[in-house]
1. If B:THR407 satisfies every condition in (1) part of a helix (DSSP H, G or I); (2) within 14 Å of chain A (Cβ to nearest Cβ) but one, which is the exception?
2. Of the numbered conditions (1) outside any loop (DSSP other than H, G, I, E, B); (2) closer than 30 Å to A:ASP173 by Cβ; (3) within 30 Å of the chain's Cα centre (by Cα), B:GLY395 satisfies every one except a single condition; which is it?
3. Would you point out which residue out of A:ALA300, A:ALA270 is more than 30 Å from A:ASN172 (Cβ to Cβ) and either open to solvent by 20 Å² or more (accessible area, probe 1.4 Å) or away from chain B (no Cβ under 14 Å) (or both)?
4. Can you tell me how many residues within segment A:420-442 are within 14 Å of another protein chain (Cβ to nearest Cβ), touching a residue at least 40 places away in the same chain (Cβ under 8 Å) and closer than 18 Å to A:LYS389 by Cα?
5. Can you confirm whether A:THR612 is open to solvent by less than 10 Å² (accessible area, probe 1.4 Å) and within 30 Å of A:ASP223 (Cα to Cα)?
6. Please verify whether segment A:346-357 includes one or more residues that are open to solvent by 40 Å² or more (accessible area, probe 1.4 Å) and either under 30 Å from A:ASN172 (Cα atoms) or touching a residue at least 60 places away in the same chain (Cβ under 8 Å) (or both).
7. What do you reckon, is B:GLY341 open to solvent by 50 Å² or more (accessible area, probe 1.4 Å) and assigned by TED's automatic domain parsing to the domain that holds B:ASP432?
8. Scan segment A:130-180 for residues that are free of Cβ contacts under 8 Å to residues at least 60 places away in the same chain, under 19 Å from B:LEU385 (Cβ atoms) and aromatic (Phe, Trp, Tyr) and jot them down.
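The values are calculated or read from the model by the stated rules, or taken from the named source; none is laboratory data. Source: prediction; values computed, not measured. As a convention, Cβ positions derive from the backbone with ideal geometry for all residues, glycine included, and neighbour counts pool all protein chains shown. Protein only, heavy atoms only, side chains kept; ligands, DNA and RNA dropped before computing areas. Shrake-Rupley method; radii C 1.70, N 1.55, O 1.52, S 1.80 Å.
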2 protein chains.
Amino acid sequence: MPDANGLFDPDRVAVVGATDREGSIGRAIMENLEEFTGTVVPVNPSRETVLGYPVANEIADITDPIDLAVVVVPPDIAVEATRELGEQGVKNVVVITAGFGEAGSEGATREQELKSIAATYDMNLVGPNSLGVMSTPSRMNATFGPANARPGKLSFMSQSGAFITAVVDWANDQGIGFKDVVSLGNKAVLDESDFVDIWDDDPKTEVILGYLEGIGDGRGFIDVAREVTKETPIVLVKSGRTEAGAQAASSHTGTIAGSERAYEAGLDQAGVLRAENVQELFDYAQILAGQPVPDGNGVAVISNAGGPGVMTTDAIGDSNLEMASFDQETLEGLREALPEGANIYNPVDVIGDADNERFEAAIDLVLADSNVDAAIVVATPIAVLDYGKLATDIGTLQEKHDIPVATALMGGERIDAPARTLRESGIPNYFDPARAVTSLDALLTYRDITRIEYEQPQTFDVDRERVQEILETAAQRSNRIGVEAMGILDAYGIPTPEGAIVETPEAAQEAAESISGDVVMKIVSPDILHKSDIGGVKVGVSEDGVRDAFEDLITRAKNYQPDAQILGVQVQEMVDLETGTETILGMNRDPQFGPLLLFGLGGIFVEVLEDTTVRVAPVSQREATEMLGEIDSAPLLRGARGREPVDEPALIESIQRLSQLVTDFPAILELDINPLVASPEGVQAVDSRLTVDPDKL
Amino acid sequence: MPDANGLFDPDRVAVVGATDREGSIGRAIMENLEEFTGTVVPVNPSRETVLGYPVANEIADITDPIDLAVVVVPPDIAVEATRELGEQGVKNVVVITAGFGEAGSEGATREQELKSIAATYDMNLVGPNSLGVMSTPSRMNATFGPANARPGKLSFMSQSGAFITAVVDWANDQGIGFKDVVSLGNKAVLDESDFVDIWDDDPKTEVILGYLEGIGDGRGFIDVAREVTKETPIVLVKSGRTEAGAQAASSHTGTIAGSERAYEAGLDQAGVLRAENVQELFDYAQILAGQPVPDGNGVAVISNAGGPGVMTTDAIGDSNLEMASFDQETLEGLREALPEGANIYNPVDVIGDADNERFEAAIDLVLADSNVDAAIVVATPIAVLDYGKLATDIGTLQEKHDIPVATALMGGERIDAPARTLRESGIPNYFDPARAVTSLDALLTYRDITRIEYEQPQTFDVDRERVQEILETAAQRSNRIGVEAMGILDAYGIPTPEGAIVETPEAAQEAAESISGDVVMKIVSPDILHKSDIGGVKVGVSEDGVRDAFEDLITRAKNYQPDAQILGVQVQEMVDLETGTETILGMNRDPQFGPLLLFGLGGIFVEVLEDTTVRVAPVSQREATEMLGEIDSAPLLRGARGREPVDEPALIESIQRLSQLVTDFPAILELDINPLVASPEGVQAVDSRLTVDPDKL
């Protein structure tokens, strides 16, 4: 991607399709650009001026270099115009025009043309089907939508142009400002990953916000976002979360819905804060832009009213924050500063008759306590309390102690001015104390994100050629591979029970003899997927019984399906299911995020309780470890109810090895190890199935 | 309780302690009463007028009858004043004065005096330690707090006076009105149950709202609220939900915290809608006051913007609402009314260039569809769309079709006037469509509440005397009773395995012989609670081994604890744990709600996954049935993974029988049946423990 400075900080902007016809988009953009501090060059073949600006009749007529061109001419002409802009050396183009990928196959072809033009001329292209872009430092509003945004520290991208219109209008009213705003449109060229990258380098952007209905390249986004979120928080609303929503999103933008579980895991792995709705999006944004991250989790509540203090404490109980315990010095200070009947313990109650001095003293004492990492000031309107002065005091004290503060000065109109004062100090005010808490909680989550040390996935020494070979052989027979592919797991170092696939009773006997103890025998056929259902599995076969068992299995398979292709019988070491715990380790591919690993306990935990967790592969050791810990039934692996804990490192390593396998082989579309038996001695993959795409081998 | 008309609708109000001293509460109340349409009678021993009103120097001097007296004199005098008011025949008294139950033992004694005065004179007494009461039809503001509320249909009670101050101020700004407001104070006499009852009879109250930190008599509240919620919805914020919050509430009001699980179950059983925070409280209140309940769950979304339409659909996916499918006629109508490119399926997208006529036509068509039970209109600001007219149209159409509508006309200042128009039609408008959805969802929940048919708990034919006898005998030895109390369950018709408690090897032998098959033998001693730990349980004892087993159990018990009181050995039929599922049925007592039943699956489900459910007893058959269905592991009882379903009616009956037992015997403080084995053939209580309070026998 070429340098994107010209996109949000251009000196000269051309509007291709500018006009002064009332009600036209070309005019709306020209009007919106009136406050722009740079130069506007309207391009229109048949006019001499537009809204008083001198016009270029052709793109080729423009002599001075153009930093950004906005294209609003009809779709066919738009493609040509973009090419001409490329020839002129224009590097940043916003295509407002609709009628591309979102409008049938003709449109899709047109969009392909746009893409190849952008590639040819190395262009940053926004859209098509975009509302436009905005950047407040130069008062540039190159959209046909809303009034200019207020200046601020938030940069916002949206896959819905209409949503920008609503949000900017609302934000202006709320006093919330933006640095840049971009309507992503069809994302033919520049997409969410590019803007995250652009804003990462922008010192004026302190928080990146987005409304997305889909992410094109999930893994790519994870890799970019991880880097960015170390310095700049990203908060996203990803809609189409629910089945109904995904269906609506798909009919709206033609986005192919990836699974919500993949988005959930992927955005989490990317270090993105996910907001569920508009209110959360801006609540998080404001506190992230205005307040420092807390060092610890301890929060203090200072209020002049018991009830709202309790409500605040409840919300804290629901969050990752903890009620801080004050040290002796603080308690003594509060005892001195507050009247009898006040509560000097957290939540501090300065009582209903508190004036500004008392309130200020209490806040100052509490913020000075080293156990206090963040604070929430809650107040109800009382005659002796001047909200304006309280707001100023809180701002000063926040700056003095430099820990994050949120407020809930409660009331009606009377809070408008104090809330503005607080906002100017970067402190968000809410009527509802619960919102102050969830916002601080988001700050905490962001702090934890910045502390993550992203490690590279471990690379194990594996036998890649053997896997290639097994896959090729098996794929010649069927796309669905059963136990005959246990060798794949073995080649990647995932322990499997001792065993072999044999084709004669004699070989079966031999195999059984080389294994100590009784064996398990299973029919091996790509045509018989549910082996147990036809009696195709025999457990606990002793050496004497191996030959008979072999014959019986073959007979059963042939009776069940005379034309079934039978590869033989698997003779396998018995795995002690008594001391082991059955787990499931699986993988499928998501259209956006690629390989998605799934882990859980087997049996009822998967089938009835749906207690599983997922991650986008490849995973690091940290991520594999997290997977183990976050299922509800994790205590069963860790020695609950008197069991001996299983060998967790072996499980974690298996997850990582599977991650490497499915990353190395895109041909593996799905894979299930079920069960992967975990015991105190290690793990063993007892059974496995996979689906392969022969074209990708 | 005497007639409470005088409390909120008095003609004559006396203010005992009225004064014109600046900054005093007595003056604040007099000022707040200036708009009151009735007569105000200040009482002050040493003045002739207060704020121009003629004064009575003594309560005894008041000649005309007083409907309501507000008491603001210091605590000691307040008690005496209340007595004098009683003597004068005043039936409604609000004690503003603090320094009672919340203030040490002296205050508590004073509060007792107030209570006995109220009882003697049959008074409705609010407080003490109350902010006062308000009622808008007569513009009565008998509080020392906020400005008068706007008139409206909501009646609001709060255990926090300061919260009322904040809420009324905020509501005035939001255009939200109230019928009555009461600050409950210490609830010495009138409490939440009384106000729920009072407002049930009030035709002007359409929704009852409350902020509570505790409920004094939980079961009483359930019984009153159930009746009320059939006609009038009740929405409560109950704070102190979390451990931290409960602790804060307790230090604030001295409320003894009942368990959150009890509140959760109890408020649910009471038919109360529970709001988690202030925003939800008023979101729910407004839609309940303004819109009819929907017949079905189908909701339609009509928007002029894809993105916000998807967000709305997502929120619907998270709720109990369902996206309605339109019938053919609607689809054809929409196809005709909307341009190409519009989405005629739900969510309907009238597209960005929709004017008022198009929007109106689409809404009209959709609301006429018989599959549509509720609708949400979502709009982003576009030049061709007049929000004011849209608001009027929505109001008209809602009235025409009479189904509930909520709106998200998005934007800044420009939505103030249209939102007001909508509010006047009873339609709430939100910037965030997710709030429109959660509000409609609350309406749905309320509809379901009104449809509940509360049945009386079933009364089974039981042997009450036998239980009384067993409890009395056992309680003489210890408060904790083990297997020797299995007879209690038997007496209440909860099936127990065949068996007996025996004191000699011979008796053991005899008992075993009368049981078919092997037996289980357990030591019986009130001093040995964890029998298994000392080898005090023998499973699968054959007839031959019974005598030896008896001796061995006795020896082990004596070795373990030489002074243990040994009651004998229990010889019990073996219960087949292979075909059965272990469940747990238990009870403990909550300080507010009384007996709380707990049900869940045994083993890991209780210990690791904490998958249990609770109800306040007594429970009806419907409630017992709900308990069975709402645990996550319920499918395991219903035949998941190829099992045969257990005898659900038998389980449900056991829950009801236990409910009857613990209701009949308040002396039973705790009781656990663990396991209660459920199988396709029925249930069996295999082991049981209980704790008894001998003083209540």
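1. (1)
2. Result: B:GLY395 fails condition (3) only.
3. The conditions single out A:ALA270.
4. Looking only at that region, the number is 1.
5. no
6. no
7. Taking the combined requirement at face value, the residue satisfies it.
8. Across segment A:130-180, the qualifying residues are A:PHE163, A:TRP170.
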